[in-house]
Amino acid sequence: MSMNDDVEITPGMKHYIEHSDKYLARRDKYIQNVVKKWKFDTIAVHGLYEVTEAIEDYQGSIIEPIFMSTSQAYRDSDEMAAALAYKIPTWAYSRIANPSTYYYEWTLALLEGYGFNGETSCCSTSSGMAAIMTAVQPFLVMKKDVYEPRNFVATSQCYGGTYQQFSIRLMQERNIECRWIKDATDIDEWTKNIDQNTRFLYGELPSNPQLGFFDIKAVADLAHAHNLPLIVDSTIATPALLRPISHGADIVVHSATKTLTSSGFGICGAVIARKNLITNIDNEQLKADFSLHIKYLQNRDFGPNLHPLQAVMTLNDMRTLRSKIDLMSRSTMKVAEYLKKHPQVESVQYLGLKDHPLHDLASRYMWLVDAEHDEQYGKPTNRYGHLMSFCVKGGADKARLFFDGLQRIWRATDLGRIKSIATIPAISTHQQQGEEGRSLAGIPPNMVRLCVGAEHPDDIIADLDQALYAVK
C-alpha cells in the first residue's frame, strides 16, 4: 500500500511495516479463503467485521463500532511517520479515513465485486455528487504544463446533478468538453465521440428518471480498445441487481443516499473500482488501486469525507439489500402494469415491461443476485428495480394536478426509500438543466418519476388511482 517512496525508512518504522504486512496478509487470506466463499447476503450482513476482532478489541460488540473521533493516536514517532507516509494501514485523521468508514467500504467493495474474478476496493464519500467528482477528477489532470484539450463521453440520460456537474462545473468553468451520447445503445455514436483527447467514458444505468440502459460489455470493450476506463453510475440497480465491474466496467459510483440507504437517514456516496484498471493516465498507483489512491491523495486534499456515524447507518441499511430490492422490484412491476392500462396515463417507462424497447437488453444484465440459491426461486430471476416513470395525459398541468392529489405517496426529490416517493423531474431534479437539456435527455414536462417503496402494492395503486381520477 506504499504511497510515498521518498521517505527514509528507520529501523523503528520497519518494525511497524513488517507487523502491518503480516496483518494485511492475514486479512487477504481471510477474504480469499472465507469471505469470497460466502453468499451475497452473508457478505452484506458481516462484511469484514469478525467475531474475534469484536471480542478482542471491542468488548464483544456485535455491530461495528462508530468511531466518533477526529484523529488517531500513535504509539511513537516511528509509527506516526510510517502511517503518514502510508506505509501501514492508518486513518490518521477522519477527513482522510476512519475505522467506521473502512467497514462500510470493505463491505461495499465485496458486494460490487461479488462474482468478479478479481479484486475491488472502495472509497467512501460524503454524497453521490462527491463520488462522481472523486471518480472523474483524476482522469482530467493536465499531462503537461501547457494547456491540453480534454474531453470525456457521457450518456445524456443521467441524474440532473450529474448533468450540472459535467455541463457547468467542468465544461463552462474548466473548459473540459463533455460529449453527450443521445442514444446509448448505439455503439457507433460512442465510437464517433472518442478521440486522442478523450479521458474516460461515463454512463448511468438504469438512468434516472428515463430508465435508459446500454450494453455494458460492448461499451467497456470499446473503452478498453482506446485505453480508456468505463465509469458507471449504478445507484438505481445496486449490486443486488447489477454489478458492472463483472461486465467490464472499471469504476462504479453510488449515491448511497438512495437505494443503498433505504431508511433515508442521511447523505452518503461511494466509488468502487477494480484493481489494475485501464487508463491512458500515466500513474501506476492510480492504475493499481484507484480507490486507495483517491482516498489517500486526492480526497485527503479536497476533503469530501464521509461521517463515521453515516457510514455505519448506511452499512446497517445494506445488510438486507437483496431482500428489499426484490420486494420493491416486484411491487414496482405490479404498479407499472397497472399504470400501463390506465386511461389517464400516456406512457410508462419501466424496464420490466416486456414491450419496453430496452427490456431485452436490460434482461441480459439485471438479475436478482443468488436467486438460483433461494428456496423461493431456485433459478436465475430477472428483477428491474424500484424506479419507474410515467407520463400523464394532458400535458404538464394535468401532471401537476395528479401530483398534487397524491395522499400516501410522498412528494419529494429523493428516491430509493422504504417509503414510496414521487416527483416531477422537469420542475425538480432536472429543472436547472433547462428545456434544451431536458429535451436532449428525453424528459417531457408531464413525466412523473415514481420510486416504489416497501408498502403493499395495492395501497400504492389505490393512491395513484384516486389521484389519477381527479385528472379526468
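The set of residues in segment 414-441 being surrounded by fewer than 16 Cβ atoms within 10 Å (Cβ to Cβ) and at positive phi consists of 434 alone. Looking across segment 377-413, the residues that are of a type in the set (Ser, Thr, Tyr) and either crowded, with 22+ Cβ neighbours inside 10 Å or outside the structural domain of residue 449 (by TED's automatic domain parsing) (or both) come down to 384, 389. Of all the residues in segment 428-455, those that are more than 22 Å from residue 154 (Cα to Cα) and either assigned by TED's automatic domain parsing to the domain that holds residue 265 or free of Cβ contacts under 8 Å to residues at least 12 places away in the same chain (or both) number 0.
Of the candidates 23, 30, 49, the single residue that is within 20 Å of residue 308 (Cα to Cα) and of a type in the set (Phe, Trp, Tyr) is 49. Restricting the first member to segment 395-419 and to residues that are more than 14 Å from residue 459 (Cβ to Cβ) and modelled with pLDDT of 95 or more, and the second to residues that are among the aromatic types (Phe, Trp, Tyr) and in a helix (DSSP H, G or I), the beta-carbon pairs closer than 8 Å and six or more apart or on different chains are 411/403.
Listed by position, the helices (runs of 4 or more DSSP H) contained in segment 290-384 that have at least 3 residues being touching a Phe, Trp or Tyr at 6+ places or on another chain (Cβ under 8 Å) and not small (Gly, Ala, Ser) are 308-318, 321-340.
Kindly indicate the residue of segment 338-376 that is hydroxyl-bearing (Ser, Thr, Tyr) and under 26 Å from residue 394 (Cβ atoms) and also surrounded by the most Cβ atoms within 10 Å (Cβ to Cβ) among those meeting that condition.
Filtering segment 338-376 for residues that are hydroxyl-bearing (Ser, Thr, Tyr) and under 26 Å from residue 394 (Cβ atoms), the one surrounded by the most Cβ atoms within 10 Å (Cβ to Cβ) comes out as 350.
Is it the case that residue 417 is in a loop (DSSP other than H, G, I, E, B) and either in contact with a Cys (Cβ under 7 Å, 6 or more places away or on another chain) or not assigned by TED's automatic domain parsing to the domain that holds residue 347 (or both)? So residue 417 fits the description; yes. Say we look at segment 182-237 and pick out the residues that are touching a residue at least 60 places away in the same chain (Cβ under 8 Å) and under 20 Å from residue 287 (Cα atoms); which of these is surrounded by the fewest Cβ atoms within 10 Å (Cβ to Cβ)? Checking each candidate, the answer is 199. The residue that is modelled with the lowest pLDDT, among those in segment 271-287 that are outside any loop (DSSP other than H, G, I, E, B) and surrounded by 15 or more Cβ atoms within 10 Å (Cβ to Cβ), is 285.
Taken as a whole, the condition of being at pLDDT 95 or above and within 27 Å of the chain's Cα centre (by Cα) applies to residue 385. Looking at segment 53-64, is at least one residue touching a residue at least 24 places away in the same chain (Cβ under 8 Å) and in the same structural domain as residue 98 (by TED's automatic domain parsing)? So far as segment 53-64 goes, yes, one or more of its residues are touching a residue at least 24 places away in the same chain (Cβ under 8 Å) and in the same structural domain as residue 98 (by TED's automatic domain parsing).
For segment 108-132, filtered to residues that are part of a loop (DSSP other than H, G, I, E, B) and in contact (Cβ under 8 Å) with a residue 12 or more places away in the chain, the residue that is surrounded by the fewest Cβ atoms within 10 Å (Cβ to Cβ) is 118.
Taking the condition within 26 Å of residue 265 (Cβ to Cβ), buried (at least 22 other Cβ atoms within 10 Å of the Cβ), at pLDDT below 95 and not β-branched (Val, Ile, Thr), does residue 450 pass?
Details: within 26 Å of residue 265 (Cβ to Cβ): yes; buried (at least 22 other Cβ atoms within 10 Å of the Cβ): yes; at pLDDT below 95: no; not β-branched (Val, Ile, Thr): yes.
No.
For segment 36-43, the criterion of being buried (at least 16 other Cβ atoms within 10 Å of the Cβ), free of Cβ contacts under 8 Å to residues at least 12 places away in the same chain and either assigned to a loop (DSSP other than H, G, I, E, B) or touching a Ser or Thr at 6+ places or on another chain (Cβ under 9 Å) (or both) is met by no residue. Of 120, 101, all but one fail to be farther than 14 Å from residue 306 by Cα, assigned by TED's automatic domain parsing to the domain that holds residue 281 and at pLDDT 95 or above; the exception is 120. Among the residues in segment 68-82, are any under 24 Å from residue 265 (Cβ atoms), in the same structural domain as residue 267 (by TED's automatic domain parsing), outside any helix (DSSP H, G or I) and not polar (S, T, N, Q)? For segment 68-82, residues under 24 Å from residue 265 (Cβ atoms), in the same structural domain as residue 267 (by TED's automatic domain parsing), outside any helix (DSSP H, G or I) and not polar (S, T, N, Q): present. Of the residues screened, residue 314 is one that is assigned by TED's automatic domain parsing to the domain that holds residue 62 and touching a Leu at 6+ places or on another chain (Cβ under 7 Å).
Filtered by the rule that a residue be among the hydrophobic types (A, V, I, L, M, F, W, C), more than 24 Å from the chain's Cα centre (by Cα) and within 30 Å of residue 218 (Cα to Cα), segment 328-352 gives 336, 348.
The values are calculated or read from the model by the stated rules, or taken from the named source; none is laboratory data. Since the model is a prediction, treat every value here as computed from it, not as a measurement. Here the Cβ is made from the backbone with ideal geometry for all residues, glycine too, and neighbour counts use every protein chain on show.
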